[in-house]
Amino acid sequence: MKKYNEQFKLGVLEYVHKHEELTIYECSQKFDMSYSTLCRWLRRERFDKSKELVRVQEELREAKKTLKVLKEAYELLGK
């Protein structure tokens, strides 16, 4: 099994995203790598982005709660 460095991996993923007209198989052939490896990288990338989205959504919920409390406190102090 070949080992690819992180820079190569990021470059391949960037290429795939910039060349949406090509299939995953065509991209894997261009970089002389297995189709399954590239699919695994893409799945992992999608999973990581989903985790990040969930984290950011939770952060936003917390920020909204904090803002609501601050607005209520401001209204109470203003009266």
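For the chain, would you read off the P(r) tail past 14 Å as a percentage of all alpha carbon pairs? Before the final figure, lay out each step's value.
Values: 2217 of 3081 pairs.
Here the long-distance tail beyond 14 Å is 72 percent of all Cα pairs in the chain.
Straightening the chain between LEU60 and ASP32 buys 5.9 nm, computed as 0.36 nm per residue apart minus the Cα-Cα spacing. The convex hull around the C-alpha trace of the stretch 35-79, projected and averaged over every direction, spans 2.7 square nanometres.
Computed from the coordinates by the stated procedures, all read-outs in this text should not be read as laboratory data. Since the structure is predicted, the reported quantities are computational estimates derived from the model, not experimental observations.
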